[in-house]
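Participant: Below is the structure I would like to discuss, written out as structure tokens.
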Amino acid sequence: MHVDHHPLVHDFPELRNELQRLRQSDEQFSRRAEEYEALDKRICRIEDGIELLDDVTLSALKLNRVAMKDELARQLKRAAGQCCGCGNGCKG
């Protein structure tokens, strides 16, 4: 069974410029984005049967991936001058 990757550039094509800029200018963001994409690739390897892992641990990895993506999305949206979804009119 083929599983699709969820790279940030495909999930946020409208924020491509901000993604590229933050990867180049913000070391912490760049490191987190790399961690996210490495985790995403690992999850796909597991789901494809290339790497073995129990279901409970796989579920935990998926939850971590969602949390990481949410965090990165907030940063991307703020960098684009959009509300990050904080509910405070983007005061953080």
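Values quoted throughout were computed directly from the atomic coordinates according to the rules given, and no laboratory measurement underlies them. Fair warning: this is a prediction, and the values are worked out from it, not measured in the lab. So basically every Cβ, Gly included, is an ideal-geometry build from the backbone, and we count neighbours across all protein chains shown.
Participant: When the helix-only estimate is applied to the chain (DSSP H runs of n ≥ 4, each -39,500 (n - 2.57), divided by the residue count), what is the mean residue ellipticity at 222 nm, nearest 500 deg cm²/dmol?
Facilitator: -21500 deg cm²/dmol
Participant: What number of lysine-lysine pairs in segment 15-92 show an alpha-carbon separation below 16 angstrom, given a sequence spacing of 8 or more or placement on distinct chains? Display every interim value, and only then the final one.
Facilitator: Details: 41/62; 41/69; 69/77; 77/91.
Step by step, the pairs that qualify in segment 15-92 add up to 4.
Participant: In degrees between 0 and 90, to the nearest 10, how far off the longest principal axis of the chain does helix 16-25 point, with axes built from Cα atoms?
Facilitator: So the inclination is approximately 90 degrees.
Participant: Working from Cα positions, state the angle (0 to 90°, nearest 10) between the long axis of helix 27-47 and the longest principal axis of the chain.
Facilitator: For 27-47 against the chain, the angle is about 30 degrees.
Participant: Lys and Arg at +1, Asp and Glu at -1: add these up for the other residues within a Cβ distance under 12 Å of residue 29 and post the number. Each step should come with its number before you reach the end.
Facilitator: Values: positive: 21, 23, 31, 32, 74, 78; negative: 18, 26, 27, 34, 35, 71.
With Lys, Arg at +1 and Asp, Glu at -1, the net is 0.
Participant: Separate question: Distances longer than 20 Å among the Cα atoms of the chain: what percent of all pairs is that? List each step's numbers first, then the result.
Facilitator: Values: 1708 of 4186 pairs.
So the pairs more than 20 Å apart make up 41 percent of the total in the chain.
Participant: For a quick protection proxy, order the peptides 69-80, 24-35 by their average other-Cβ count within 10 Å, most packed first. Please report the intermediate quantities before stating the final value.
Facilitator: Values: 69-80: 17.7, 24-35: 13.4.
With the highest mean Cβ count within 10 Å placed first, the list reads 69-80, 24-35.
Participant: Against the longest alpha carbon principal axis of the chain, how many degrees, from 0 to 90 and to the nearest 10, is the axis of helix 55-79 turned?
Facilitator: 20 degrees
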